[in-house]
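What follows is one structure encoded as structure tokens, with my remarks underneath.
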Amino acid sequence: MDRKRIMEEAIHSGEMEGAYVSAEFRRDAEQYVDGDFTIEELMTRTKRRWKVDKHEPKAAAHA
């Protein structure tokens, strides 16, 4: 299976499940499809974009 088809199917699957697929991810996915970087780099960019600061205080749980 080629990169373009993999990305099309992954984005479609995510959207069918109600996931938000950002314009930034779509641009990164296009660059991946074009061979500009590896799937590992695509994953790193995505994780970096959605990274939560571990130092932020967590909300108190309600009982």
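Given (1) outside any helix (DSSP H, G or I); (2) modelled with pLDDT under 95, identify the lone condition not met by residue 46.
(1)
Consider residue 60 carefully, then state whether it is modelled with pLDDT under 95 and among the small types (Gly, Ala, Ser).
yes
Suppose we filter segment 1-18 for residues that are within 22 Å of residue 37 (Cβ to Cβ) and assigned to a loop (DSSP other than H, G, I, E, B); how many remain?
2
The values are calculated or read from the model by the stated rules, or taken from the named source; none is laboratory data. Quick caveat, the model's predicted, so the values are computed rather than measured. Note: ideal-geometry Cβ built from the backbone for every residue, glycine included; neighbour counts use all protein chains shown.
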